[in-house]
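Accompanying notes for the structure given below.
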Amino acid sequence: MTPIHTRITVGVAKPLRFLHVTDSHLISADERDSERKRELARQRREAYDKHGFDCCRRGLDAAFDYARRRNEPVLHTGDLIDFVSYRNLELAREKLSSVDCFFAAGNHEFSKYVGEAQENEAYKLDSLPLVAPAFPNDLRFAARLAGGVNLVAVDNTYGQVRRQELERFRAEIAKGYPILLLLHVPLYTRELYREQIEVRKAESASLMGCPAEHPARNDAQCPDADTLAFIDFLKRQTLVKAVLAGHLHYDWEGPLYGDVTQYVTAGSFLGRAREIEVA
């Protein structure tokens with residue numbers, strides 16, 4: 001694994017390094033799971049193995065090994081697991097306990113079966129009590145101060161942000177520290193929308209906050225009032241220095257608003273990660 005190297009200037013006295021990892025998609029099920037779920041694991045492994053045999057596990061292990069060797073905290077922006085199973089959640093605990101990791105949830109953290117139902121708040125709540133204990137921090141919202149930088153993870157797994165998370169984000173802004181914001185689903189920009197729809201020919205935008213003139217092409221991804229309020233508040237904050245996201249499975253970076261850049265990192269199953277120097 002050879003990571004992308006990114007430098008973000010925030011004004012801290014001592015440089016910091018993090019490893020941004022995302023979209024690992026661990027795939028496993030055993031006798032504790034249903035036959036249907038074991039078959040799902042077989043099908044999903046077969047689909048991902050086109051990128052290399054056992055690429056999901058091997059890619060994550062390589063990224064975490066890199067972070068341990070360099071003593072770098074991991075910033076993981078979700079989809080560590082491909083779907084909810086007893087074995088996947090065990091693997092999540094095992095892998096995450098081996099590194100210093102700060103985590104933002106992805107949509108697959110709550111997927112009982114892949115593509116089986118509309119992903120919404122009710123669907124998430126059905127899995128959340130089982131899933132949450134496997135992860136190192138609150139999956140809805142978490143903040144952690146590291147060397148004068150406030151790491152903030154906000155749950156936007158289905159392209160929506162609840163009012164509760166907006167209020168917690170306001171409280172972190174009030175603390176006055178520079179912020180690295182972790183999301184799973186990237187925020188809409190005109191350039192990233194074009195990349196998705198026109199260049200990569202994606203069926204849906206898979207972005208948060210698509211406007212009417214650039215529809216998400218998926219009703220579940222249309223931003224609700226709370227999500228729009230979160231985006232409006234975010235874009236007025238000078239303390240936010242960068243946004244880190246995943247979800248799209250390719251590397252991309254571009255301006256978000258003001259001096260803020262959004263960094264999207266490709267999935268670790270592709271052997272990708274982003275080493276971030278905060279200066």
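The values are calculated or read from the model by the stated rules, or taken from the named source; none is laboratory data. Remember, it's a predicted structure, so these values are computed and weren't measured experimentally. Cβ sites come from the backbone with ideal geometry, for glycine too, and all protein chains shown count toward neighbours.
A few points about this structure:
- Residue check, LYS241 touching a residue at least 40 places away in the same chain (Cβ under 8 Å) and surrounded by fewer than 23 Cβ atoms within 10 Å (Cβ to Cβ): yes
- None of ASP259, ASP226, ASP219, ASP251 is surrounded by fewer than 22 Cβ atoms within 10 Å (Cβ to Cβ) and in contact with a helix residue (DSSP H, G or I) (Cβ under 8 Å, 6 or more places away or on another chain) except ASP226.
- Single match in ARG69, ARG38, ARG57, ARG45 (criterion: among the basic types (Lys, Arg), at pLDDT 95 or above and in contact with a Leu (Cβ under 7 Å, 6 or more places away or on another chain)): ARG57
- For the residues ARG217, ARG236, ARG194, the requirement of being of a type in the set (Lys, Arg), in a loop (DSSP other than H, G, I, E, B) and on the phi < 0 side of the Ramachandran plot singles out ARG236.
- Filter result for PHE141 (under 19 Å from ALA29 (Cα atoms), in contact with a helix residue (DSSP H, G or I) (Cβ under 9 Å, 6 or more places away or on another chain) and surrounded by 14 or more Cβ atoms within 10 Å (Cβ to Cβ)): no
- Counting only residues that are within 22 Å of GLY78 (Cβ to Cβ), over 17 Å from the mean Cα position of the chain (by Cα) and aromatic (Phe, Trp, Tyr), the range 171-209 holds 1 of them.
- ALA202 meets all of the listed conditions (1) surrounded by 15 or more Cβ atoms within 10 Å (Cβ to Cβ); (2) closer than 21 Å to ASP138 by Cβ; (3) not charged (D, E, K, R) but one, namely (2).
- Selection from the range 1-36 of residues that are more than 28 Å from GLY148 (Cβ to Cβ), touching a helix residue (DSSP H, G or I) at 6+ places or on another chain (Cβ under 7 Å) and either among the acidic types (Asp, Glu) or touching a residue at least 60 places away in the same chain (Cβ under 8 Å) (or both): MET1, ASP23, SER24, HIS25, LEU26, ILE27, SER28, ASP30, ASP33
- Search result, residues across the range 252-279 that are part of a loop (DSSP other than H, G, I, E, B) and either within 13 Å of the chain's Cα centre (by Cα) or over 21 Å from ALA67 (Cβ atoms) (or both): GLY258, ASP259, THR265, ALA266, GLY267, ALA273
- Residue match in the range 94-110 (condition: more than 16 Å from LEU182 (Cα to Cα), assigned to a helix (DSSP H, G or I), among the hydroxyl-bearing types (Ser, Thr, Tyr) and over 13 Å from the mean Cα position of the chain (by Cα)): no
- Breaking point among (1) farther than 15 Å from ILE4 by Cα; (2) touching a strand residue (DSSP E or B) at 6+ places or on another chain (Cβ under 8 Å); (3) assigned to a loop (DSSP other than H, G, I, E, B), for ALA202: (2)
- Whichever residue in the range 1-25 is assigned to a strand (DSSP E or B) and aliphatic (A, V, I, L, M) and, among such residues, is farthest from ALA62 (Cα to Cα): ILE8
- Number of the exception - ASN218 against (1) polar (S, T, N, Q); (2) without any contact (Cβ under 8 Å) to a residue 24 or more places away in the chain; (3) within 20 Å of HIS20 (Cβ to Cβ): (3)
- Inside the range 33-72, residues that are surrounded by 14 or more Cβ atoms within 10 Å (Cβ to Cβ), in contact with a strand residue (DSSP E or B) (Cβ under 8 Å, 6 or more places away or on another chain) and not in a helix (DSSP H, G or I) make up a count of 1.
- GLY271 touching a helix residue (DSSP H, G or I) at 6+ places or on another chain (Cβ under 6 Å) and on the phi > 0 side of the Ramachandran plot: yes
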